[in-house]
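We did not get these values from a lab; they are worked out from the coordinates using the rules stated. No experiment lies behind these values; they were computed from the predicted model shown. Cβ: placed from backbone, ideal geometry, glycine included. Neighbour counts: every protein chain shown.
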Amino acid sequence: MSERSDKHTPREAAARGPLLLSTWSFGERANAAVWPEFASGGSALDAVEAVTVFCDEDPGIDSVGYGGLPDRDGQMSLDGCVMLSPEQCGSVCAVRKHLHPVRIARLVMDRTPHVMLAGEGADDFANEHGLPEQPLLSPDAKKAWEKHQAEGKDESADVRPVDGDPGGALFGDDEERWRNNHDTIGVLGLDEQGVLAGACSTSGMPWKVPGRVGDSPIIGHGLYVDPQGGAAVATGTGELVMAICGSFLAVERMRSGAMPEDAIREVLERIASRSDLQVNHQVALIAIRPDGHWSAGALRPGFRLAFSDGSGHHTMDPAFVQLPGT
Ligand code: ASP
């Protein structure tokens with residue numbers, strides 16, 4: 001299906017799309033599935049929505065949507081958002097009955113004067129628009145929760161996301177893989193017309209306190225898109241990103257002329273300078289300018305991203321790690 005590369009090769013020259021950038025290596029499968037339609041003139045908005053929907057429902061991608069890990073009480077709740085510009089964005093959080101938060105978020109964007117719907121209201125809105133209710137907790141995720149409970153831990157802070165085998169079972173060759181699970185797909189797209197779009201879908205931090213919402217569905221935190229500045233998406237410990245409006249900050253730096261790598265570096269430097277940073281904390285960002293220059297960076301080792309353009313579909317390391325060896 002795809003060519004793989006371990007070397008990050010940021011774009012040297014400005015270029016237009018089509019281009020898709022997704023968080024984590026499982027994004028490569030989703031990018032590849034969506035690519036044919038996107039490459040034949042599809043819009044960036046449709047493509048980023050389709051990538052998240054693919055991840056939510058692909059049983060082989062068991063860390064996003066169905067298959068994601070539940071909260072402290074064993075309940076699933078999903079968050080997501082989609083964005084074209086500050087005037088065109090939509091978001092939902094704490095969805096408990098529908099599998100595709102980005103699909104609901106796009107309806108919020110397209111059909112309401114609002115930006116964000118939460119909880120029961122978001123599920124009711126999805127029902128009103130004919131989206132089917134679905135069970136969200138997979139048998140493997142339930143088993144992982146039961147194992148976590150049996151160990152007597154209830155804090156969410158013991159999970160650090162590390163990129164692993166994107167297609168493996170939670171309980172399979174690597175019995176412990178669920179401990180490092182990462183539950184967010186963030187995707188940025190640049191289409192042939194030069195239009196940027198972004199989307200983000202997550203089940204949040206595993207074992208979170210029920211009701212907790214992280215950065216992913218909050219415009220300017222987990223995702224920000226501004227045609228004048230660029231787009232950025234984050235994954236990892238949402239609380240760290242939320243404290244500094246991480247995606248908004250990256251886009252604002254690019255709007256002021258920074259290259260994506262420098263913009264991301266500034267975000268991660270601010271996070272790395274915190275005195276309360278824990279070893280299990282991770283944050284990674286991908287950013288792209290309207291001219292097609294893009295980059296990715298991570299606070300700690302363990303993050304990978306997926307990149308698709310006319311040359312194929314690639315999984316690669318970020319351009320830099322802010323705290324290597326940690
Ligand atoms: N950022 C997400 C959150 O805090 C989690 C993740 O990216 O894995 O909800």
Residues S247, S295, S43 in order from fewest to most other beta-carbon atoms within 10 Å are S43, S295, S247
Report, largest value first, the span of the C-alpha coordinates of region 184-326 along each principal axis, in whole Å.
42, 32, 31
Residue order, fewest to most surrounding Cβ atoms within 10 angstrom, among Y66, Y224
Y66, Y224
Need one word for region 194-275: rounded, prolate or oblate. Basis is the Cα gyration tensor (sqrt eigenvalues a ≥ b ≥ c); a/c below 1.5 gives rounded, then a/b vs b/c decides.
oblate
Amide H within-cut-off set for S25, under 5 Å, with H built and near neighbours excluded:
R304
Explain nothing, just compute: Karplus ³J(HN,Hα) = 6.51 cos²θ - 1.76 cosθ + 1.60, θ = phi - 60°, for every residue of region 86-101 in order, whole Hz, x for Gly and Pro.
x, 8, 10, 8, x, 7, 9, 9, 6, 6, 10, 10, 10, 7, 10, x
First check a/c for region 33-89, with a ≥ b ≥ c the square roots of the eigenvalues of its C-alpha gyration tensor; if it is under 1.5, answer rounded, and if not, answer prolate when a/b is larger than b/c or oblate otherwise.
oblate
Using Cβ contacts closer than 10 Å as the measure, can you line up C93, C245, C55, C81 from fewest to most?
C245, C93, C55, C81
